[in-house]
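Below is one structure, written out as structure tokens, with a few remarks after it.
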């Protein structure tokens, strides 16, 4: 489980709602969502099961269509298109493609949410710490491009897929870019010491020497993504 679990968002004005990320296939959780209002649409930020396993159960309870970037998760709705504006449940939702964490990652901009608007970021940006690049589906080059794209929404608050709300998207993006830059420098230094053809395990040992065993797979996935980026794969 990432942080405290997966955040499910209910978006709308009045009785009609849009659900963003049903989350796990937990009956009590899905019952609460279905009871919250008339679900008109279900949106998916990316393919990972902690965000998508509840799709079937929520569709069964509500009959609502499901839209995602990947057609395999769409039910009664078309795949999402970058830049489209969805007007439903009394609100506007702008689709912002943000690949990198996964190839199908997307964020949803809510321009009318309060004075500054907000951005539902899925796992592209988390409420605490930084996200992983889920190599090989995810990749660092598009992820960095996605972070730069999010700078186009400087005043928005962050509504992440895990963890608490963050008030300033631009500030978080700069933190993430700085973190990625530091990690890349650490990988470059490891390669300089170990040799340019050093493998993932050796580089992970050098860069993530103090991590707990349980997060080793995530660290290795990040190193693979960083090596691909540096080697121009």
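Select from the range 107-130 the residues that are part of a loop (DSSP other than H, G, I, E, B), under 14 Å from the mean Cα position of the chain (by Cα) and closer than 19 Å to residue 9 by Cα and list them in ascending order. Across the range 107-130, the qualifying residues are 123, 124, 125, 126, 127, 128. Return yes when residue 100 is crowded, with 21+ Cβ neighbours inside 10 Å and out of contact with any strand residue (DSSP E or B) (no Cβ under 9 Å at 6 or more places or on another chain) and no when it is not. When the stated conditions are applied, residue 100 passes them.
Applying the criterion of being free of Cβ contacts under 8 Å to residues at least 24 places away in the same chain, within 21 Å of the chain's Cα centre (by Cα) and part of a strand (DSSP E or B) to the residues of the range 76-92, the residue that is surrounded by the most Cβ atoms within 10 Å (Cβ to Cβ) is 92. Of all residue pairs spaced 6 or more apart or on separate chains, those with beta-carbon atoms under 9 Å, a first member in the range 113-125 that is at positive phi and surrounded by fewer than 24 Cβ atoms within 10 Å (Cβ to Cβ) and a second member that is assigned to a strand (DSSP E or B) and at pLDDT 95 or above are 114/157; 117/109; 117/110; 117/157. Candidates are the residues of the range 158-168 that are surrounded by 20 or more Cβ atoms within 10 Å (Cβ to Cβ) and out of contact with any helix residue (DSSP H, G or I) (no Cβ under 6 Å at 6 or more places or on another chain); the one that is farthest from residue 108 (Cα to Cα) is 162. In a residue-by-residue description of the range 51-66, the property of being under 30 Å from residue 214 (Cβ atoms), in a loop (DSSP other than H, G, I, E, B) and under 21 Å from the mean Cα position of the chain (by Cα) applies to at least one position.
The values are calculated or read from the model by the stated rules, or taken from the named source; none is laboratory data. What you see is a predicted model, and the numbers here were worked out from it, not measured in a lab. Neighbour counts are summed over all protein chains in view; Cβ atoms, including those assigned to glycine, are modelled from backbone coordinates with ideal geometry.
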